[in-house]
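Trainee: I'd like to ask some things about the structure below.
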Amino acid sequence: MITASLDNHSETAELYSQGTERYVRNPQFHFTQQTRENRTTVVASSPETTVLLEGSEAEFIAEVDGKTLEEMMRLPRWAADLPLMFALAAQLQRRGLIMTETQLSDYTVQGNIEIIDVTRARVLESFSASPQDGIRVIDGHMVPSVNSGLPTVIVCEDMISPAVEKLSRKYEAAGYLYCLVQLQGADALISPVLGTSSSVPYDQLKHSLQVNAQYALSGGKLLDNVMGAASVTPRSAVYSLVWSAIQRMKTSDPAENTVLRFKNGLFEGEHYVMTGAKTTKAQPLNLDAQAKKIDLSFNPVNDAGRAKSTRETWETYRHLVSDVTGVVSSLKRLVPEDEELLVHVYGAGHNWALNHGSSEEFTRSLRGRSSGKGTTDLGARVSGLAEAIERHSAISDGTEARLHTSYKDLGEQALDPRTLTQFSQDQYEQRDVLNQVKDPYHWVPEKFDPTAEIDWMPVWRPACDETAWIPAAYSLFMFDHGAMLPGAKCPLGQKMMRSDSNGLASGSTPGDAAAQALLELIERDAVAIWWYNKIPRQIMAPEFTDTPFIQRTREWLQSIGRNLEILDITTDIGIPVAAAVAPKPGDASDQIILGFGAHPNPEIAATRAVTEALQFMCALPAQFRTAEGMDLDLLKISVDDAASHWLQNAKLDDNPHLVPDPQALNVEHVPWKQADPQRIIARLEDVGLPVYLQELTRPYIGLPVVRALVPGLRPWWRRLAAGRLYDVPVQCGWLTQPTQETDLNPISMFF
């Protein structure tokens with residue numbers, strides 16, 4: 001407790017002589033106040049200092065904010081002890097935390113304020129009885145006549161509310177520059193300078209805020225505003241924020257396109273506003289429209305075939321990570337750095353590739369999270385960022401050009417979607433029963449109707465430079481979200497098919513993205529053929545698996561009671577595909593971890609399979625990365641039901657295809673080892689598998705994203721139509737006759 005008297009503080013006489021001069025906090029002053037066990041604590045800051053105040057100082061600063069000395073003297077708490085009040089005022093003034101309006105002259109600003117969706121009295125209170133401030137509250141209906149060239153700040157609770165949007169349209173139509181201040185309790189956002197002559201029109205700011213988490217959309221349900229529930233903002237903080245916004249309008253570069261965020265009254269950081277987004281519906285296509293051609297040139301800078309270094313890719317796209325305006329809301333390590341794990345794994349904001357079930361299933365699903373893996377920390381970050389961007393880029397927003405017609409009317413120009421979805425007749429007939437299992441990747445749609453009029457999009461076949469058409473509902477993820485324009489969804493098409501992430505990839509160039517997308521299709525096809533037919537295969541040749549990284553991984557897995565086998569599950573295509581199998585033998589279950597990888601270089605394919613197995617382990621409770629037993633309760637809340645059931649029950653004895661067979665026939669690998677998209681395409685075409693490509697790059701992002709489509713290749717989910725699933729095992733000599741559909745592996749792939 002501070003005690004004082006008039007006699008021992010020389011400043012008190014000066015303070016008293018100033019009479020009713022109004023004390024205000026420094027315009028850049030911020031504070032947060034907490035009361036715990038009847039004790040008030042204030043964290044206060046000015047441009048020069050940040051301090052922790054307790055006791056009388058804390059109580060004083062919270063009560064006298066913005067009051068004149070005369071008003072302060074009438075406060076019941078302080079009227080009985082004026083000497084203490086004067087002493088505290090002097091003490092805080094010396095710290096630079098309180099200023100007289102005479103001292104405030106250097107900070108004088110002029111401007112207008114609009115108030116939208118926020119407690120009007122709170123803002124008025126911050127600027128009343130203060131003509132020296134030069135700031136006045138105006139009415140939005142009078143925008144053109146009162147602006148008079150002065151900076152204008154719109155104070156609101158939501159920058160993209162209809163009321164704010166309407167007022168912003170007025171300002172832009174009138175040719176004025178303005179700035180938005182969003183108040184949400186102790187947090188706030190300040191927009192870039194907006195208006196017709198700035199580099200950031202309101203539409204682009206709105207789009208950036210909406211696409212971040214699709215405005216916090218998950219599982220088809222809108223969650224709370226990203227800034228949290230509204231609460232009262234301290235009036236001096238309102239003053240400070242408005243002052244800061246006006247200063248930004250007076251001094252910032254018109255090309256500056258960042259949102260400033262304040263948390264608990266203190267500056268937190270800048271968040272990049274994406275520009276270049278389409279915000280209007282595209283014109284319908286006609287039948288003569290041509291698909292966009294993709295540059296398939298190949299100029300790698302590393303052994304994996306990437307066209308840009310990991311560091312260069314990170315520096316180019318790191319600004320897209322933001323929980324305010326970013327395509328990716330966050331990048332977080334899934335495993336602490338101090339864990340003895342040989343791979344780095346990052347979880348990235350959202351995986352919008354899975355959004356067809358409940359929000360609970362979305363959260364728990366192994367497929368419901370974008371994540372990235374790598375043997376280096378930077379590589380994992382870039383991988384996670386790239387996966388989240390590729391998922392985002394395939395979300396329908398209504399700006400994509402389409403043709404509305406039927407498969408029958410398109411004729412030979414259309415790809416039959418049944419060659420892509422690969423459901424069997426029995427699956428269609430039993431769909432009502434099968435769909436009772438709430439797993440979106442094994443959901444069976446309605447049977448395709450060739451006469452139904454739906455939306456179609458053009459795709460390019462590079463082998464013969466031709467355009468074909470695929471249903472938009474197969475190409476794009478379609479669900480409700482904040483940035484969606486009318487017509488973004490195709491309800492009839494969505495009944496007959498759904499999009500997924502199979503064959504969707506990003507890359508440092510369009511050719512790189514195309515190669516990675518095709519390798520994923522080849523990998524999934526090989527896994528499906530091996531898994532559902534339960535075909536034993538040989539290990540991958542030691543010359544490809546005895547690398548330092550894989551050797552260290554084996555040793556670490558052995559230290560926690562796990563084995564590691566790397567199987568060669570390459571198919572007739574000849575591009576190497578590896579399956580990593582890491583069991584922990586036990587009584588009830590062998591806790592079998594899996595991972596897969598494909599690449600023309602078998603060493604890279606094996607490394608990808610091993611890192612994916614480690615990534616799988618990172619999605620599980622920590623006990624799976626130790627020699628301890630399995631915690632079933634933690635497992636059930638960490639992963640979806642299918643993965644949980646597998647880990648609790650699967651035994652190697654019941655799954656002979658997971659055990660190496662030295663007598664099994666292997667397929668010869670292709671003679672080249674680089675991920676050249678043109679060579680991959682040529683190889684697929686040579687075995688009778690036509691390749692189609694569709695570029696889905698979003699202009700406001702810039703990272704190339706390509707969807708590859710190869711009718712006939714099998715997804716690794718339960719798609720049981722006739723074709724490669726039954727034919728390839730016989731052609732390659734692994735089986736003497738095709739497996740019957742009813743005899744296929746009853747356990748569906750749960751990745």
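The values are calculated or read from the model by the stated rules, or taken from the named source; none is laboratory data. Since the model is a prediction, treat every value here as computed from it, not as a measurement. Note: ideal-geometry Cβ built from the backbone for every residue, glycine included; neighbour counts use all protein chains shown.
Trainee: Looking at (1) in the same structural domain as Gln210 (by TED's automatic domain parsing); (2) closer than 22 Å to Lys206 by Cα; (3) in contact (Cβ under 8 Å) with a residue 24 or more places away in the chain, find the lone condition where Glu268 falls short.
Mentor: Of everything listed in (1) in the same structural domain as Gln210 (by TED's automatic domain parsing); (2) closer than 22 Å to Lys206 by Cα; (3) in contact (Cβ under 8 Å) with a residue 24 or more places away in the chain, Glu268 misses just condition (3).
Trainee: Assuming Ser396 fulfils every condition listed in (1) under 21 Å from Leu504 (Cα atoms); (2) surrounded by fewer than 19 Cβ atoms within 10 Å (Cβ to Cβ); (3) among the hydroxyl-bearing types (Ser, Thr, Tyr) apart from one, which condition is it?
Mentor: The single condition Ser396 does not satisfy is (2).
Trainee: If you go through the range 665-718, how many residues are polar (S, T, N, Q) and in a loop (DSSP other than H, G, I, E, B)?
Mentor: Matching residues across the range 665-718 total 3.
Trainee: Mind checking which residues of the range 539-557 are surrounded by 19 or more Cβ atoms within 10 Å (Cβ to Cβ) and aromatic (Phe, Trp, Tyr)?
Mentor: Phe544
Trainee: While we're on this one: Name the residues in the range 488-512 that are in a helix (DSSP H, G or I) and of a type in the set (A, V, I, L, M, F, W, C), would you?
Mentor: Leu492, Met496, listed by residue number.
Trainee: Out of the range 634-683, which residues are farther than 18 Å from Asp590 by Cα and within 34 Å of the chain's Cα centre (by Cα)?
Mentor: Those that are farther than 18 Å from Asp590 by Cα and within 34 Å of the chain's Cα centre (by Cα): Ile637, Ser638, Asp640, Lys673, Gln674, Ala675, Asp676, Pro677, Gln678, Arg679, Ile680, Ile681.
Trainee: So is Ala675 small (Gly, Ala, Ser), touching a Lys or Arg at 6+ places or on another chain (Cβ under 9 Å), closer than 30 Å to Asp512 by Cβ and modelled with pLDDT of 95 or more or not?
Mentor: yes
Trainee: Quick one: count up the residues across the range 447-462 that are under 18 Å from Lys408 (Cβ atoms), among the basic types (Lys, Arg) and not in a loop (DSSP other than H, G, I, E, B).
Mentor: Result for the range 447-462: 0.
Results for (1) assigned to a helix (DSSP H, G or I); (2) surrounded by fewer than 22 Cβ atoms within 10 Å (Cβ to Cβ); (3) within 28 Å of the chain's Cα centre (by Cα), shown as yes or no for each residue.
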{"site": "Phe423", "(1), (2), (3)": "no, yes, no"}
{"site": "Pro445", "(1), (2), (3)": "no, yes, yes"}
{"site": "Cys464", "(1), (2), (3)": "no, yes, no"}
{"site": "His481", "(1), (2), (3)": "no, no, yes"}
{"site": "Pro486", "(1), (2), (3)": "no, yes, yes"}
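Trainee: Still on this model: Please give the number of the condition Asp512 fails out of (1) touching a Ser or Thr at 6+ places or on another chain (Cβ under 8 Å); (2) buried (at least 23 other Cβ atoms within 10 Å of the Cβ); (3) more than 17 Å from Leu420 (Cα to Cα); (4) of a type in the set (Asp, Glu).
Mentor: Exception for Asp512: condition (1).
Trainee: Is it the case that the range 436-450 has a residue that's touching a Leu at 6+ places or on another chain (Cβ under 6 Å) and at pLDDT 95 or above?
Mentor: Yes, the range 436-450 has at least one match.
Trainee: While we're here: Within the range 663-689, take every residue that is surrounded by fewer than 15 Cβ atoms within 10 Å (Cβ to Cβ) and among the charged types (D, E, K, R) and give me the one that is farthest from Val710 (Cα to Cα).
Mentor: Of everything passing the filter in the range 663-689, Glu668 is farthest from Val710 (Cα to Cα).
Trainee: Find the residue count for the range 719-742, including only residues that are among the hydroxyl-bearing types (Ser, Thr, Tyr) and assigned to a loop (DSSP other than H, G, I, E, B).
Mentor: Looking only at that region, the number is 2.
Trainee: Residue pairs, Cβ under 7 Å, 6 or more apart or interchain, first in the range 732-751 and at positive phi, second part of a loop (DSSP other than H, G, I, E, B) and surrounded by fewer than 16 Cβ atoms within 10 Å (Cβ to Cβ). List them.
Mentor: Gly733/Leu665
Rundown of residues vs (1) more than 28 Å from Ile604 (Cα to Cα); (2) in contact with a helix residue (DSSP H, G or I) (Cβ under 7 Å, 6 or more places away or on another chain); (3) assigned by TED's automatic domain parsing to the domain that holds Arg318, yes/no style:
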{"position": "Leu652", "(1), (2), (3)": "no, yes, no"}
{"position": "His657", "(1), (2), (3)": "no, yes, no"}
{"position": "His669", "(1), (2), (3)": "no, yes, no"}
{"position": "Asp686", "(1), (2), (3)": "no, no, no"}
{"position": "Val710", "(1), (2), (3)": "no, yes, no"}
{"position": "Trp716", "(1), (2), (3)": "no, yes, no"}
{"position": "Gly723", "(1), (2), (3)": "yes, no, no"}
{"position": "Gln737", "(1), (2), (3)": "yes, yes, no"}
{"position": "Gln740", "(1), (2), (3)": "yes, no, no"}
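Trainee: For the range 262-297, what are the residues that are outside any strand (DSSP E or B) and within 21 Å of the chain's Cα centre (by Cα)?
Mentor: Across the range 262-297, the qualifying residues are Val273, Met274, Thr275, Gly276, Ala277, Lys278, Thr279.
Trainee: Identify all residues within the range 425-443 that are part of a loop (DSSP other than H, G, I, E, B) and under 15 Å from Met497 (Cα atoms); write none if there are none.
Mentor: Asn435, Asp439, Trp443
Trainee: Name the helices (runs of 4 or more DSSP H) wholly within the range 558-662 that hold at least 2 residues that are surrounded by fewer than 15 Cβ atoms within 10 Å (Cβ to Cβ) and small (Gly, Ala, Ser)?
Mentor: none
Trainee: Between a first residue in the range 481-495 that is without any contact (Cβ under 8 Å) to a residue 60 or more places away in the chain and within 16 Å of Trp456 (Cβ to Cβ) and a second residue that is aliphatic (A, V, I, L, M) and surrounded by fewer than 20 Cβ atoms within 10 Å (Cβ to Cβ), which pairs have beta carbons less than 8 Å apart while being 6 or more apart in sequence or on different chains?
Mentor: Leu492/Ala452; Gly493/Ala452
Trainee: Okay, moving on. Look at the range 627-673 and say how many of its residues are closer than 21 Å to Ile566 by Cα and of a type in the set (S, T, N, Q).
Mentor: Residues that pass the stated criteria total 3.
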